[in-house]
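Since the structure comes first, as structure tokens, the remarks are kept for the end.
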Amino acid sequence: MVREKWGTKLGFMLAAMGSAVGLGNIWRFSFVAGNSGGGAFLLLYLTFVILLGVPLLLAEVSIGRKAESDVVGSFKKLAPNTPWYLTGFFGIASSFLILSFYAVVAGWAIFYFWNYLNGSYFSSPEVGYEGAFGQFISHSWHPIAWTALFMILTIIIVLSGVKKGIEAANKIFMPLLALILIGLAFFSLSLDGASEGVKFLFQPDWTALSDPSIYIAALGQAFFSLSLGMGAMLTYGSYLRKENKLPSAALGIGIMDTFFAVISGLVIFPAVFAFGIDSSSGPPLVFITLPSIFEQMPMGGIVGLVFFFALILASLSSSVSILEVPTAYFMRILGWTRFATSVVMGAIMFVMGIGVSLGFGIWSGVTPIGDLNILDSMDYIASNILLPLGGLSMALLIGWYFSKSEALEATDFTGSGIGQVWYYLVKFVAPVMIILIFLNKLGVI
Ligand code: TRP
């Protein structure tokens, strides 16, 4: 079977940006930053994106392009007769963990879209937005129905194939989302009391840095937001043609992704302080904050409608890249069609998503890790542990298994000065930082 390819380099760029930009930038970024002390977290996050994120993104895409295979197959092909390919299964495992909660949260977004569509969120419900949200997520099957809808949409795009499905879906809604977010940021900054939020986001509280959890949180957020370490970017890279140049693409994706995160911080935190919302509300944070912003805005009902529409589309362009990882792998291993594989994988993730959703209702007492509920536990294992380990494996492959000239050639960096910097970042800086952060968290150092 001939492997599929992107139509154009722009198509790849848009799909990769679409993968990176999603709920991670708006929903996850806000609540993790809110939980981890704001400014100090932002600073660490930006440091990790620059020193680790973008260099590893380039490494990951180049592995896929060189091997032209899925996350397990690529390691097998490039490092034959080594156990390297086993780390590919971290990626497969993360894809199931991540999409099963991602689809639940995206389902919440569809529910909000629906509420703006029928006008019920044009003014605050009797119990307030926080109360209404709490009632909704703890309902036994309402949120699950929206999760199902989101999963079905994801499967439809993935089974339509790389070029027609994923590439075409990305071109319209990214610019739309950017425009709305910028507009919202201006509005949010004009609210009374907004400056507290700006301070929270940009004035680091250095004492926060003494807690080891903040490093692993910022690392996990950098990986999650850039879609890194799982093989999504690797798999997308495997559909690239050899003549497409990689370094500029990786940089572009990194800049775009960071831009979306910072802008959403500028939307959320001024409003969080202006409306007296608790910045450490966790996953519900944006779902409480945003409708309060829309209610204050002129034409807010319409803006809310368009915003949630764009957010759903951005989530879809991310979720398809997650589903694509096991789909590409199991298609090859089981010899099934793309259709059958994506439906079966998506169905398994949906069933796992039911558990995640019930974690806000009848299973709210279930806390697999510490005091973390089901969603937070799955997110913790996938984002803070498996993704960085996947990234570590890729960094070691490029830095230590490949020769230097192979590494530079794989990334179109032959003869480039920046290529030297990149090489040392991937060979030494990234692995050392990831290992130190793990050891620090484990209390070893
Ligand atoms: N980066 C996406 C977001 O910010 C989510 C995502 C897509 C992802 N593909 C991934 C996260 C692969 C980790 C790994 O919403």
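The values are calculated or read from the model by the stated rules, or taken from the named source; none is laboratory data. Note that this is a predicted model, so its numbers are computed, not measured. Please note: Cβ atoms are built from the backbone with ideal geometry, for glycine as well, and neighbour counts cover all protein chains shown.
Is it fair to say GLY64 is among the small types (Gly, Ala, Ser), surrounded by fewer than 20 Cβ atoms within 10 Å (Cβ to Cβ) and part of a helix (DSSP H, G or I)? Working first, answer last.
On the way: among the small types (Gly, Ala, Ser): yes; surrounded by fewer than 20 Cβ atoms within 10 Å (Cβ to Cβ): no; part of a helix (DSSP H, G or I): yes.
It is false that GLY64 is among the small types (Gly, Ala, Ser), surrounded by fewer than 20 Cβ atoms within 10 Å (Cβ to Cβ) and part of a helix (DSSP H, G or I).
Quick check on my filter: what residues within segment 355-379 are part of a helix (DSSP H, G or I), away from the ligand (no atom under 13 Å from the Cβ) and crowded, with 18+ Cβ neighbours inside 10 Å? Before you say what the answer is, go through the steps one by one.
Just the residues of segment 355-379 that are part of a helix (DSSP H, G or I), to begin with: 355-358, 374-379.
When the remaining residues are screened for being away from the ligand (no atom under 13 Å from the Cβ), the result is 355-358, 374-377.
Of everything in segment 355-379, those that are part of a helix (DSSP H, G or I), away from the ligand (no atom under 13 Å from the Cβ) and crowded, with 18+ Cβ neighbours inside 10 Å turn out to be VAL356, SER357, LEU358, ILE374, LEU375, ASP376, SER377.
If I ask for residues that are at pLDDT 95 or above and hydroxyl-bearing (Ser, Thr, Tyr), which ones from segment 31-47 would you list?
If the condition is that a residue be at pLDDT 95 or above and hydroxyl-bearing (Ser, Thr, Tyr), then TYR45, THR47 are the ones that fit.
Taking the residues in segment 220-238 that are assigned to a helix (DSSP H, G or I) and touching a Phe, Trp or Tyr at 6+ places or on another chain (Cβ under 7 Å) as candidates, determine which candidate is surrounded by the most Cβ atoms within 10 Å (Cβ to Cβ). Working first, answer last.
Taking segment 220-238 and keeping what is assigned to a helix (DSSP H, G or I), we get 220-225, 232-237.
Now restrict to residues that are touching a Phe, Trp or Tyr at 6+ places or on another chain (Cβ under 7 Å): 221-222, 225, 236.
Working: GLN221: 27, ALA222: 31, SER225: 27, TYR236: 26.
That would be ALA222.
Cβ contacts < 7 Å: first residue at pLDDT 95 or above, restricted to segment 218-230; second residue more than 9 Å from the ligand (Cβ to nearest atom) and among the acidic types (Asp, Glu), any location; separation 6+ or different chain. Result?
Cβ pairs passing all conditions: LEU228/GLU60.
Got a sec? Which helices (runs of 4 or more DSSP H) wholly within segment 132-219 have at least 2 residues that are under 23 Å from ALA106 (Cα atoms) and touching a Phe, Trp or Tyr at 6+ places or on another chain (Cβ under 8 Å)?
Details: elements: 142-159, 168-189, 194-202.
In segment 132-219, 142-159, 168-189 are the helices (runs of 4 or more DSSP H) which contain 2 or more residues that are under 23 Å from ALA106 (Cα atoms) and touching a Phe, Trp or Tyr at 6+ places or on another chain (Cβ under 8 Å).
Can you tell me which residue among ILE263, ILE255 is part of a helix (DSSP H, G or I), surrounded by fewer than 24 Cβ atoms within 10 Å (Cβ to Cβ) and either free of Cβ contacts under 8 Å to residues at least 40 places away in the same chain or out of contact with any helix residue (DSSP H, G or I) (no Cβ under 9 Å at 6 or more places or on another chain) (or both)?
Residue meeting the stated conditions: ILE255.
Go through (1) within 14 Å of the ligand (Cβ to nearest atom); (2) under 22 Å from ASP412 (Cα atoms); (3) not acidic (Asp, Glu) and name the single condition LEU51 misses.
(1)
Hey, does segment 330-339 have a residue that's among the small types (Gly, Ala, Ser) and either in contact with a Ser or Thr (Cβ under 7 Å, 6 or more places away or on another chain) or in contact (Cβ under 8 Å) with a residue 40 or more places away in the chain (or both)? So that I can check it myself, show each step before the final result.
Restricting attention to segment 330-339, the residues satisfying the condition of being among the small types (Gly, Ala, Ser) are 335.
Then keep just the ones that are either in contact with a Ser or Thr (Cβ under 7 Å, 6 or more places away or on another chain) or in contact (Cβ under 8 Å) with a residue 40 or more places away in the chain (or both); that gives none.
No - not one qualifying residue is present in segment 330-339.
What is the residue count in segment 394-419 for residues that are of a type in the set (Gly, Ala, Ser), at pLDDT below 95 and part of a loop (DSSP other than H, G, I, E, B)? So that I can check it myself, show each step before the final result.
Taking segment 394-419 as the starting set, the residues that turn out to be of a type in the set (Gly, Ala, Ser) are 395, 399, 403, 405, 407, 410, 415-417, 419.
Applying the additional criterion that residues be at pLDDT below 95 yields 415-417.
Those left that are additionally part of a loop (DSSP other than H, G, I, E, B): 415-416.
Of the residues in segment 394-419, 2 are of a type in the set (Gly, Ala, Ser), at pLDDT below 95 and part of a loop (DSSP other than H, G, I, E, B).
As an exercise: evaluate ALA271 against (1) in a helix (DSSP H, G or I); (2) in contact with a Gly (Cβ under 9 Å, 6 or more places away or on another chain); (3) within 19 Å of ALA382 (Cβ to Cβ) and give the number of the one condition it does not meet.
Status for ALA271: all satisfied but (3).
For segment 12-43, how many residues are among the aliphatic types (A, V, I, L, M) and near the ligand (Cβ under 9 Å from one of its atoms)? Give the steps one after another, and end with the answer.
Initially, segment 12-43 is screened for residues among the aliphatic types (A, V, I, L, M), giving 13-17, 20-21, 23, 26, 32-33, 40, 42-43.
Filter once more, so that each one left must be near the ligand (Cβ under 9 Å from one of its atoms): 20-21, 23, 26.
Counting residues in segment 12-43 that are among the aliphatic types (A, V, I, L, M) and near the ligand (Cβ under 9 Å from one of its atoms) gives 4.
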